[in-house]
Amino acid sequence: MITAALIVAAGRGERAGGGLAKQWRTIAGRPLLDHTIAAFRNAPGIGPIAVVLPAGDTDAASRFASAGLILAEGGSDRSSSVRRGLNALAGATPDRVLIHDGARPCVHPDLIARIVDALDSAPGAAPALAVTDALWTGDGGDVTGTRDRSGLYAAQTPQGFHYAAIRAAHAAHPGGAADDVEVARAAGMAVRIVEGDPDNLKVTRPGDFARAERLLGGRMSVRLGNGFDVHRFGEGDHVTLCGVAVPYGRGLQGHSDADVGMHAVTDAIYGALARGDIGQHFPPSDPQWKGAASGIFLRHAVALATEMGWRIGNVDCTLICEEPKIGPHAAAMRAAMAEIMGLDADQVSVKATTSERLGFTGRGEGIAAMATATLVAA
């Protein structure tokens, strides 16, 4: 079951002020839209992501295309922008789609999960908050009456649907709908109400930026990943460990340069991202990686973390072997990996231990490495 996300960010956001479209204004150190995209990248179960951008915004299109996002150009109104985004997703053949306003950067993974779960038993599902305040009508600044708030809800996004049904509903709709629930209901689709989130605000006016800053700046999201690797000894006059060539009477065997330490660190980063391991990204069956420097793999893992909205807090690598001695080279190893990852050396730990002459490392048959990586939301 493929669940896609469609993020609509084709508006100009003039009511928000600031002289810049609101999706490009900075909140908690990064553009508003980047927060929104990161929320879906990091949500379990979300596959392809499409973003609808303003027409002619080539700089943003180039940046997001290089990050693996599916792009569409916005239309004259929200309905036409959504329609174009749904069409752009067709090649990904999703079963379901979550349609979200790009101006809602504080969407939480729990809310996304509630919508996805609801689509198991309904063709449409959308979050909403029951109206609890008194409702008035007014004219010229004076209260002219009241309205019953029973059964009224304030709608939010993401609004989720079975993909084929909502695409057909948009194709048949004349346009001008307030949201995708209106389009779905016009096509006869049932839409289930899912409990919304008060923090899932839509940034619309200048004061909303301060609230979003408090919400996003106060979130501390951390992921941990573990990596483990083993390589046996073979012929050679050195071993490459954590990016450093260490003189030794034997080498390590492997499809690449067999840098067991760097492989463990790379897998730890992939693990924290829930994106598999080195073998999935760089298959050993592919001859282009034969003898490749392992720095290629580590740079890819770091770049993927950045694209997904994470930065590396620290890594810790332990090399397990009887020989060669690691201590004299540990500082150079830390520096080499720090340079590749764009970190300070004090964010990288490399240490060694023996296995007390037990097991294959104790018998001097090879070297093992284990690593842990900490990722912090950027």
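Here, each number is a calculation from the coordinates, and none is a lab measurement. Computed from a predicted structure; not experimentally measured. Glycine also receives a Cβ, built like all others from the backbone with ideal geometry; neighbour counts cover every protein chain displayed.
Details
- Likely footprinting exposure, Tyr153, Tyr248, Tyr163, fewest C-beta neighbours within 10 Å first: Tyr153, Tyr248, Tyr163
- Potential lengthening of the chain between Thr353 and Asp95 amounts to 87.9 nm, from the contour at 0.36 nm per residue minus the alpha-carbon distance.
- The ellipsoid equivalent to the alpha-carbon distribution of segment 222-377 has semi-axes of 24, 17, 14 angstrom, derived from the gyration tensor eigenvalues as √(5λ) and listed largest first.
- Distance between modelled label sites at Ser150 and Ala178, nm, 7 Å Cα→Cβ extension: 2.0 nm
- Fraction of antiparallel bridges per DSSP, the chain only, in percent to nearest 5: 65 percent
- For segment 3-217: span of alpha carbons on each principal axis (Å, largest first): 53, 41, 33
- Among Met333, Met262, a tally of other beta-carbon atoms within 10 Å of each Cβ gives an order, fewest to most, of Met333, Met262.
- Cross-link partners for Lys202 among the lysines, with Cα-Cα distance under 18 Å and sequence neighbours closer than 8 places in the same chain left out: Lys22.
- Residues Glu356, Glu339 arranged by fewest to most Cβ contacts within 10 Å: Glu356, Glu339
- Over the chain, DSSP H runs of length four or greater, each weighted -39,500 (n - 2.57), average out per residue to a 222 nm ellipticity of -9000 deg cm²/dmol.
- Virtual spin-label span in nm between Arg363 and Ala293, 7 Å along Cα→Cβ: 3.5 nm
- At 1.306 mPa s and 10 °C, Stokes D of the chain from Kirkwood alpha-carbon radius, µm² per second: 68 µm²/s
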